[in-house]
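Peer 1: Here it is: the structure, laid out below.
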Amino acid sequence: MKGLCSLETVQNRLFNAFIRSEKGEQLLKMYLSQPSNENLERLDEAFKIYYLKIKTFLYFSKTISFEAKHFDKKRRKIADRFLVILDSPIDEEENITMKDMIADYSQYVSNISLENWEDNITNEVIRNSIKVLTKRQKEVIKYSFFQNMRDKEIADKLGISQQAVSKTKKLALNKLRRQWCNE
């Protein structure tokens, strides 16, 4: 520190911010009322700590800013490289996109009765194979593949553990696989 009363120090915005803080003001008043090397060292040490905190804050601030800009630049580069073709307009006048042209099969699936879901299977081999499954295995297959439920949701619905659902589904699929291989 060049000197507390030098013009350069008094005009320094960082030092002014430090002496406006409660601790800085208190240490400066103590030094000015009782000038000693010990009080000067306390003031100097407190300022060094304050300065280190400010530098650390600025470092992290600049790093976060740089990383955010880098991330955004990378995201934009990927977005430009892999355009979402489904959202691009087919016809400018009518503003129709490719996504609008894709058929919505959920309307057909919702009409299928889940009570007799086995009867809606058109493939004879698959329908006969499903008849071999136990009631619980059929329920797990129905909820998993016809209602797109997760193992956790199926477990909650059937009142069993998620592991039991996973094991039941695995056994059912293995049984179906063996059945298809035999036919």
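Peer 1: Could you grab the Rg to Rh ratio for region 29-79? Cα atoms only, Kirkwood for Rh.
Peer 2: Rounded to two decimals, Rg over Rh is 1.47.
Peer 1: Let me ask something additional. Enter the Cα centre distance for the pair region 136-172 and region 32-63, rounded to the nearest angstrom.
Peer 2: Here the two parts' Cα centres lie 63 Å apart.
Peer 1: Near LYS55, which lysines are there with a Cα under 30 Å away, not counting those fewer than 8 places off in the same chain?
Peer 2: Counting by Cα, and skipping residues close in sequence, LYS55 has these lysines nearby: LYS2, LYS23, LYS29, LYS69, LYS73, LYS74.
Peer 1: What lysines could a cross-link reach from LYS170, if we take a straight Cα to Cα line under 29 Å and drop same-chain neighbours fewer than 8 places away?
Peer 2: List returned: LYS131, LYS135, LYS138, LYS142, LYS152, LYS157.
Peer 1: With the radius of gyration and the Kirkwood radius both derived from the Cα set of region 117-159, what is their ratio Rg to Rh? The partial results should precede the final answer.
Peer 2: Working: Rg = 11.1 Å, Rh = 11.0 Å.
For region 117-159, the value is 1.01.
Any read-out appearing in this document is the output of simple, stated calculations on the displayed coordinates, not a laboratory observation. Everything quoted here is computed from the prediction, not taken from an experiment.
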